[in-house]
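The values are calculated or read from the model by the stated rules, or taken from the named source; none is laboratory data. Bear in mind the structure is a predicted one, so any value in this text is a computation, not a measurement. When we count neighbours, we look across all protein chains shown, and the Cβ atoms used for this are built from the backbone with ideal geometry, even at glycine.
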Amino acid sequence: YKKAGAKYFCSMAVHHDNFDLWNSKYQARWNSVVMGPKIDVVGAFKKAAANQGLRFGVSEHLAPSYHWFSTSHMSDKTGPLAGVPYDGANPAYADLYHTLPRDYPYRQPINDRLAPEAWKQQYFKRIKDLVDNYQPELLYTDGDIFFEEYGLALVANLYNLDAKRHRGHCEAVYFSKKSSDCETGTCVLDWERGVAAGIPANPWQTDTCIGEWHYNREAKYKTPKQVIDMLVDIVSRNGNLLLNFPLPNSGELDYEELVILEEITKWMAINSEGIYATRPWKTFGDGPASTPAPASGGTRFNESGRKDLTAEDVRFTTKGDTIYAFVMGWPEKLAYIEPLATTSKFMPPKIQNVELLGYKDKLNWTQDEQGFMVELPREKPCDYAIALKIV
């Protein structure tokens with residue numbers, strides 16, 4: 001991951017299944033240390049990230065477990081097992097499937113299935129235990145800040161512990177998927193499988209996966225081009241990309257995943273200076289695929305509606321006085337960038353020099369009222385998007 005350009009690494013801590021992947025004090029029976037692999041998964045990934053100098057984060061998906069597991073207390077309505085309770089109704093498994101009021105799974109609408117105080121306290125204790133013991137610098141909650149003061153106390157605990165480690169300066173980041181949580185600077189907005197429109201004023205993050213969220217032998221992965229195009233598009237819009245690679249039970253990436261990482265590695269070796277420590281330009285880009293698909297659902301899913309980026313699409317980043325113009329495909333001979341015209345509404349600077357990252361020779365180029373044009377070499381320096389360094 002580091003070789004491919006990762007600057008931070010996040011481990012799953014607990015999913016909607018109510019099963020903790022660390023030596024959990026408050027989920028003592030259902031955790032990965034005492035059951036299943038008998039491994040402290042969070043601890044192992046934290047150590048590996050530290051060994052590579054990567055910032056470490058965790059994701060937690062715990063709060064919805066209470067009502068999502070409510071169906072485990074029901075039974076088939078028809079067939080040979082009609083009326084036979086599922087495992088959730090067995091008191092022996094109440095610490096996994098929750099102790100629910102008898103009518104809870106049947107309440108309609110689902111918004112009436114409010115979590116009780118006991119579950120809110122359990123949620124608080126477990127996530128605080130996670131943060132206290134593993135000291136992540138990033139905490140991603142799958143949803144908003146849950147359960148009123150309990151959720152806010154967890155955010156405060158993350159920040160206060162991190163500030164103590166850094167002489168009063170907090171470097172930790174909390175991610176929420178609810179816009180109103182982020183309006184006062186409490187946290188960073190996360191888009192699950194989606195991309196923001198325009199250039200949001202505050203930094204944000206896309207979290208997505210190369211395939212399905214959990215390992216599936218039949219899953220179709222994103223291509224290296226799709227991943228790289230998504231990365232450049234997100235960075236040009238003031239965002240970060242958190243990209244999931246699902247693991248099989250061996251814990252090792254499969255062959256196709258390794259190929260994708262290798263392609264990203266080769267591309268980043270040439271073009272990373274236009275990604276790292278950059279800021280958006282006056283516009284994120286130009287071209288036929290400039291507008292993201294409309295957001296859908298409660299968590300901004302719009303990834304599936306993305307148009308493919310081509311040589312007609314351009315994305316911009318900046319670093320100081322340098323503009324990086326990413327042409328999102330190989331235009332064969334000429335790259336034409338209209339927003340850099342001398343009469344453009346974006347008022348670009350008068351260009352003094354142009355380089356193509358990965359290419360050592362000089363380029364022929366012009367900047368006039370019609371646009372900015374660059375004559376490209378016969379051979380492209382890399383697959384996928386190319387980066388013009390403009391001063």
Worksheet, complete the sentence: Those residues of the range 207-235 which are crowded, with 20+ Cβ neighbours inside 10 Å, touching an Asp or Glu at 6+ places or on another chain (Cβ under 7 Å) and free of Cβ contacts under 8 Å to residues at least 40 places away in the same chain amount to none
Worksheet item: Which one of the conditions (1) buried (at least 19 other Cβ atoms within 10 Å of the Cβ); (2) of a type outside the set (Val, Ile, Thr); (3) on the phi > 0 side of the Ramachandran plot does ALA387 fail to meet, given that it meets all the rest?
Response: (3)
Worksheet item: Would you pick out the residues in the range 186-203 that are surrounded by fewer than 20 Cβ atoms within 10 Å (Cβ to Cβ) and not in a loop (DSSP other than H, G, I, E, B)?
Response: VAL188
Worksheet item: Of all residues in the range 50-79, which are free of Cβ contacts under 8 Å to residues at least 40 places away in the same chain and not in a strand (DSSP E or B)?
Response: ALA50, ASN51, THR71, SER72, HIS73, MET74, ASP76, LYS77, THR78, GLY79
Item to complete: Give the residue, chosen from GLY143, GLY185, GLY198, that is assigned by TED's automatic domain parsing to the domain that holds HIS61, on the phi > 0 side of the Ramachandran plot, without any contact (Cβ under 8 Å) to a residue 60 or more places away in the chain and of a type outside the set (Phe, Trp, Tyr).
Response: GLY185
Fill in: Answer residue from the range 347-375, given it is polar (S, T, N, Q) and assigned to a strand (DSSP E or B) and is surrounded by the most Cβ atoms within 10 Å (Cβ to Cβ) among those
GLN367
Worksheet entry | Residue check, GLY194 under 29 Å from VAL235 (Cα atoms) and touching a helix residue (DSSP H, G or I) at 6+ places or on another chain (Cβ under 6 Å) | yes
Practice prompt. Take ALA82 and decide whether it is outside any loop (DSSP other than H, G, I, E, B) and more than 17 Å from HIS15 (Cβ to Cβ).
Written response: no
Response to the item:
Of the residues in the range 158-184, those that are of a type in the set (Lys, Arg) and within 13 Å of GLY143 (Cβ to Cβ) come to LYS177, LYS178
Practice prompt. Collect the residues in the range 63-88 that are under 20 Å from ALA28 (Cα atoms) and touching a helix residue (DSSP H, G or I) at 6+ places or on another chain (Cβ under 7 Å), keeping them in residue-number order.
Written response: ALA63, TYR66, PHE69, ASP87, GLY88
Practice prompt. For the range 98-115, indicate whether the set of residues that are of a type outside the set (Lys, Arg) and on the phi > 0 side of the Ramachandran plot is non-empty.
Written response: yes
Worksheet, complete the sentence: Among LYS25, LYS47, LYS38, the single one that is free of Cβ contacts under 8 Å to residues at least 60 places away in the same chain, among the basic types (Lys, Arg) and in a loop (DSSP other than H, G, I, E, B) is LYS38
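A quick yes/no check of all residues on (1) closer than 29 Å to LEU258 by Cα; (2) among the aliphatic types (A, V, I, L, M); (3) buried (at least 16 other Cβ atoms within 10 Å of the Cβ); (4) outside the structural domain of PRO101 (by TED's automatic domain parsing):
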residue	(1), (2), (3), (4)
SER24	no, no, yes, yes
ARG29	no, no, no, yes
VAL34	no, yes, no, yes
PRO37	yes, no, no, yes
THR78	no, no, no, no
Response to the item:
Taking the range 369-391 and keeping only residues that are of a type outside the set (A, V, I, L, M, F, W, C) and either under 15 Å from PRO349 (Cα atoms) or in contact (Cβ under 8 Å) with a residue 12 or more places away in the chain (or both), one is left with GLU369, GLN370, GLY371, GLU375, PRO377, LYS380, PRO381, ASP383, TYR384, LYS389
Discussion item. I'm trying to understand the selection: among the residues of the range 151-177, which are basic (Lys, Arg) and touching a Leu at 6+ places or on another chain (Cβ under 8 Å)?
Written reply: LYS177
